[in-house]
Structure formats: structure tokens, C-alpha cells
């Protein structure tokens, strides 16, 4: 049922009851400061939970955008119980600028460090407040929020699915849904000022079951990196009772936490390590040198673990992450 007229939906006025049962189509969402983005909406024939999926919080991450497009194209509302909403461009400022952060003329801020936002703040802070308000108004403890990410243009990540240790029943729901997603690398996202200010971190702490994902990145858009996301969404529909079916068991070890390794110096990053490599405590992962090749800093590990993410862009600034090490949860 796609004949329902296209509307400009304001986040503060968006109501699912506006749309008829069986609706499947694209609408336009008006976010903060009159920023308009496409939104995919599918209303099942039978009642059930709401699955809300966002992508492109960072403007140089493309795999989640295409996963939402492909998943939505094949979604059958006749067999759907509940509602699906896909927001492929969560940060139009960064997407238009082809950058991780909102473009410098806007305010240069990283949207994934601004939640729950500020309605009286800069454009990116207003955008965070608008997105957070929409999701927390529409979703409750029986629903599910999914936030797609990737390594973007400057990093490479292992394919992983994560949840936040909120210490409540929501954490258990989120962890079970993360396991159902079907990606074997299970990430318990450590609480930090950065992780709690992400879209998924803030929503999880609002009492909504939430998972986040990472895939390769490196500025690419490979079909093999989109596939785990579309497959994972299908598995979530079954696991949450939104669609009939059976999902195969996937082996998981214990959830893994991560330790970021940030650099102190700015310069050229010369890596000795590779993604997925197992490293020992004290291993030298890289050197930072200046433009004359003089050594400025050695990057070493403080714990044994596996390289879960690494910077692929050849230069780095002081304070930026060089590696992310997956270590056993203590």
C-alpha cells in the first residue's frame, strides 16, 4: 500500500497511527533547523514491536545506508508484525560534507558525542536533540533500536555487534538481541564519556533495548560488509517475534570489552599490526614519525588482546584513536 500521500513529517508531530496498516513507503522527515531526510516506514498487518534502524551518524559511513535500502525493499508488510522505521541519513550535515563530523561551516562537531543533545545548542547539538526525542518518544522497552556504524574513511573495524552494560533488564534484552543478530564478535561497550554520548549509548540508557554495529569501512562499500547487516535485521525480526521463521544458532564466546589506544603526538602513523591480529601486553603496534622521519612516539598495548579496529589513514593528530583492542571482560 504505497498510495498514501507523501508528507513532510516533523519529529515532534510524527505519529505511527497516521499511517494505514500495510503501508510500505518512503516519507520525508523534518529534523532540527529545517533539515529534511528520507525515512522508510513499513506498517505490518498485525500488531507488534517497533524496530527503528539508523545509519550515517557519521557522514563517511555508507554500509548501513545501503543495508537499510536493501532490507526495506524486500520487507513484506503482509508477514510483518509491528512496524519498521529506517533512517539511512541520521546526520545530513556530515553526509553532505562527506566527512565523519558535521562539516566545518555547520559547527564541525561529531554527532556521536552530542547525545542526548541540546535544543538551544549548535546545529549538530540540535540535531542530536531532535533524533533522541523522536526515538525515545516512539520506542519503549518492548521495542528495539539499531545503530549502524562502520570504520568510515579513516579506520578499519572487525564486523561486530555491541550492547551497553546498563545494569538493568534492558541490558539483558539488548545482549540477547545482539546475540540474535548473528555476528560472532560480541562487544560489551565500556561506559565512558564518549560511549554514553553516542546515539545508541543514550538510547540504551533511556530504557530501550539497543544494539550497535561496526563493519569494515576504509571508505569503501563492499557487498560483503552490507550482507551481515541485512541478514542481521532479518534475524532480529524473527528473534523479536515480528516475523515467523527460524534462525540458526551462532557460536559466541564471552562478550568482549575494548580498550582504545590514543596517540599523544601528531604525525605520520607507521603501523606494525594488522586487523584481527592477536597481540601481547606491551606489544609495539606502530610508530609516529614527523615529516623528516624522526621518531615521535611508539604506540604500545597495555593489555593482551585482538586488534579490533585500527587507523588506516596515514596521518594522525594528537588525541585521536590509533587502535581499538578487544580484551576479555574482567
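The values are calculated or read from the model by the stated rules, or taken from the named source; none is laboratory data. If you're wondering where the values come from, they're calculated on a predicted model, not measured in any experiment. Please note: Cβ atoms are built from the backbone with ideal geometry, for glycine as well, and neighbour counts cover all protein chains shown.
Odds and ends about this structure:
- Of all residues in segment 165-199 being farther than 18 Å from residue 326 by Cα and out of contact with any helix residue (DSSP H, G or I) (no Cβ under 9 Å at 6 or more places or on another chain), the one that is surrounded by the most Cβ atoms within 10 Å (Cβ to Cβ): 173
Yes/no per residue for (1) touching a helix residue (DSSP H, G or I) at 6+ places or on another chain (Cβ under 8 Å); (2) crowded, with 18+ Cβ neighbours inside 10 Å; (3) over 17 Å from residue 80 (Cα atoms); (4) not assigned by TED's automatic domain parsing to the domain that holds residue 127:
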{"residue": "12", "(1), (2), (3), (4)": "yes, no, yes, no"}
{"residue": "16", "(1), (2), (3), (4)": "yes, no, no, no"}
{"residue": "23", "(1), (2), (3), (4)": "yes, yes, no, no"}
{"residue": "45", "(1), (2), (3), (4)": "yes, no, no, no"}
{"residue": "50", "(1), (2), (3), (4)": "yes, yes, no, no"}
{"residue": "55", "(1), (2), (3), (4)": "yes, yes, yes, no"}
{"residue": "59", "(1), (2), (3), (4)": "yes, yes, yes, no"}
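- Only one of the listed residues (247, 275, 288) is surrounded by 12 or more Cβ atoms within 10 Å (Cβ to Cβ), assigned to a strand (DSSP E or B) and outside the structural domain of residue 86 (by TED's automatic domain parsing). That residue is 288.
- Residue 221 being more than 30 Å from residue 78 (Cβ to Cβ) and without any contact (Cβ under 8 Å) to a residue 40 or more places away in the chain: no
- Residue check for residue 245: without any contact (Cβ under 8 Å) to a residue 24 or more places away in the chain and over 26 Å from residue 98 (Cα atoms): yes
- Given (1) modelled with pLDDT of 95 or more; (2) within 29 Å of residue 75 (Cβ to Cβ); (3) touching a helix residue (DSSP H, G or I) at 6+ places or on another chain (Cβ under 8 Å), number of the condition residue 241 does not satisfy: (3)
- Subset of segment 89-141 that is touching a strand residue (DSSP E or B) at 6+ places or on another chain (Cβ under 7 Å) and in a helix (DSSP H, G or I) - its residue that is farthest from residue 152 (Cα to Cα): 138
- Enumeration of residues in segment 296-312 that are in a strand (DSSP E or B) and under 26 Å from the mean Cα position of the chain (by Cα): 305, 306, 307, 308, 309, 310, 311
- Every listed requirement among (1) free of Cβ contacts under 8 Å to residues at least 60 places away in the same chain; (2) under 18 Å from residue 233 (Cβ atoms) is met by residue 170 save one, (2).
- Filter result for residue 317 (outside the structural domain of residue 60 (by TED's automatic domain parsing), in contact (Cβ under 8 Å) with a residue 12 or more places away in the chain and touching a strand residue (DSSP E or B) at 6+ places or on another chain (Cβ under 7 Å)): no
- Scanning segment 53-86 for residues that are without any contact (Cβ under 8 Å) to a residue 24 or more places away in the chain and part of a strand (DSSP E or B) yields a total of 0.
- Complete set of residues in segment 20-52 that are assigned to a strand (DSSP E or B) and within 12 Å of residue 78 (Cβ to Cβ): 24, 42, 43, 46
- Pick from segment 142-164, criterion within 14 Å of the chain's Cα centre (by Cα) and in a loop (DSSP other than H, G, I, E, B), ranking: surrounded by the most Cβ atoms within 10 Å (Cβ to Cβ): 150
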